[in-house]
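Below is one structure; the comments refer to it alone.
The values are calculated or read from the model by the stated rules, or taken from the named source; none is laboratory data. All figures in this text were calculated on a predicted structure; none of them were measured in a lab. Backbone-built Cβ (ideal geometry, glycine too); neighbour counts: all protein chains shown.
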Amino acid sequence: MTDWAPTTSEEQLLILKDAALDFALSHGLVVRPPPPPVTAATSISNIQEAEGVINAPVSLFPSPFPKAAFDNAVKIQPLFNQLVHDISEDDEFLKEIMESLSTVDDFVSRLYNLYITVKKRGITQPASLGIHRSDYIINLNPGQDFSDAKIKQVELNTISVSFGSLSSLTGDLHRYLHATTGYLTDKVDNSMLPSSDSISSIASGLASAHELYGSKTAKVMMVVQPGERNAFDQRWIEYNLLKNHGVVMIRRTLAEIAEQGSLHPETSALYMGDQEVSVVYYRSAYATTDYPTEKEWEGRMLAEKSLAIKCPTIAYQLVGVKKVQQVLAAPGQLERFVKDPADAALLRASFTGLYPLDSSPEGITAYEAALANSDELVMKPQREGGGNNIYGKDIQKVLKELTPEQRNAYILMDIIRPPITKNVLLRKGQLLRADVVSELGIYGIYLHDGKKVVRNDNGGHLLRTKGVESNEGGVAAGFAVIDSVVLL
Ligand code: ADP
Ligand code: MG
Ligand code: MG
């Protein structure tokens, strides 16, 4: 397991760094730098610097991943895609979970109320598009062979999954470096460095939904955050949508939708000015910070009421909350939705221990166990985007501060312990040798027309790698880098 990458001297690393930086800058493997601190003395040159780009944070080497575990993650993705859809159609199941959260989580409550309002009004658009990403860390038991390590699901993201484009490009970077410098051992061939088609699969999902909508002159709208630093990951989707499918994408913030949007009085078709929108693709709208004022909620409401196909629907977004993941892990719950016992067993094998923090007997037991020892647990609120979880002793501190009712806003999960490997991280042009752990993401593309499944596909993969000392793994949040896999 350790002999896939030879030790590299400082001199060789500098050569690799230059090659990697040029590759990143010439292939759009880039992000916007953080904005310079605004001071009275902020100069013109500072502002211009903010308009330039820097290399996306990447690893210099691909990281090892067990082939059997990788193949398994790819294999079960269509089952997860279908599961999200089936749960989204079970009103009672969603209602029970969302009502249990509604008194303790304002954001989920507001989303659920929006969902109810739109549903009561009558569904204008029966189709749903899902572009999901299921995230896994491999669990290596003491004494177990690396190649036998199994995947454990961290979470299933159903809204605004990112890095589809930059992950494909990072795989290209690693294959380029290997081809030009032979920097991995000669035991590594290209079949062990699988490319990811996520740079094109997300655009192809949007194109399928656009085609289903059925208007050639309409455009796909990406709903973006103002001042997005990860805009190039998004732009590649726009460029592929145009190049491969002849469909134009526009970009609007939630506030701009409120300002510029209207619904056709008869069809409820969504218009931005005089531009009809076929698909609303959210790369925003998942965090409380995406709704700083009522205007953003107005924008969301308008889009939701419209005839445009939503990616995701609010129901899919709600299915992605961590409480749903925890409930599904309880005995018999997953099996309510996945009728084939073999399929259910495949999915269940990817679950790690998940526990409620409610007033049920299981919830009380989990609470008491966490107060006694929280070292092997992570506590999660119903939030997305990284940086929200609570670890170790902090769990005990927070648990003691919460009322029994407030605890229900969180779930507990067993910590997954992956093998530690070595890599060299390249961020903002600087190299850092580090002991690292990785998290695999598998993209899923799913389209349902309201009556039948139109598409249920795999959409490529992502590997994110972070220093072992960091609890969280968000690339955008500054904890991790984008990586690719060497299958061993
Ligand atoms: P978010 O929706 O904010 O991305 P996640 O559940 O993915 O929330 O948690 C964020 C990060 O925390 C993950 O990328 C991972 O690095 C770490 N993490 C979450 N759950 C676990 C776990 N069970 N074991 C180990 N690390 C975890
Ligand atoms: Mg998430
Ligand atoms: Mg995550």
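Key figures
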| read-out | value |
| --- | --- |
| Any hit, the range 397-414, residues being touching a residue at least 24 places away in the same chain (Cβ under 8 Å), among the aliphatic types (A, V, I, L, M), within 16 Å of ligand 3 (Cβ to nearest atom) and under 30 Å from Pro6 (Cβ atoms) | no |
| Every residue from the range 367-392 that is more than 16 Å from ligand 1 (Cβ to nearest atom) and surrounded by fewer than 16 Cβ atoms within 10 Å (Cβ to Cβ) | Glu368, Leu371, Ala372 |
| Count of residues meeting criterion [buried (at least 22 other Cβ atoms within 10 Å of the Cβ) and either farther than 14 Å from Leu328 by Cβ or modelled with pLDDT under 95 (or both)] in the range 70-84 | 3 |
| Wholly enclosed strands (runs of 3 or more DSSP E) of the range 199-272 bearing at least 1 residues within 21 Å of the chain's Cα centre (by Cα) and closer than 18 Å to Thr313 by Cα | 219-223, 249-252 |
| Residues of the range 137-161 satisfying the condition of being crowded, with 20+ Cβ neighbours inside 10 Å and within 13 Å of ligand 2 (Cβ to nearest atom) | Gln153, Val154, Leu156, Asn157, Thr158, Ile159, Ser160, Val161 |
| Subset tally (residues that are in a strand (DSSP E or B), more than 16 Å from ligand 2 (Cβ to nearest atom) and within 26 Å of Glu211 (Cβ to Cβ)) for the range 414-456 | 8 |
| Checking Lys310 against (1) touching a residue at least 24 places away in the same chain (Cβ under 8 Å); (2) more than 16 Å from ligand 2 (Cβ to nearest atom); (3) touching a helix residue (DSSP H, G or I) at 6+ places or on another chain (Cβ under 6 Å); (4) not aliphatic (A, V, I, L, M), the condition it does not meet | (3) |
| Filter pass, Val319 being within 16 Å of ligand 2 (Cβ to nearest atom) and surrounded by 20 or more Cβ atoms within 10 Å (Cβ to Cβ) | yes |
| Members of the range 139-196 that are without any contact (Cβ under 8 Å) to a residue 40 or more places away in the chain and within 16 Å of ligand 1 (Cβ to nearest atom) | Asn141 |
| Candidates Val247, Val279 - the one that is over 26 Å from Ser109 (Cβ atoms), in contact (Cβ under 8 Å) with a residue 60 or more places away in the chain and among the β-branched types (Val, Ile, Thr) | Val279 |
| Residue count, the range 102-138 (criterion: over 18 Å from the mean Cα position of the chain (by Cα), hydrophobic (A, V, I, L, M, F, W, C) and either away from ligand 1 (no atom under 16 Å from the Cβ) or outside the structural domain of Arg464 (by TED's automatic domain parsing) (or both)) | 6 |
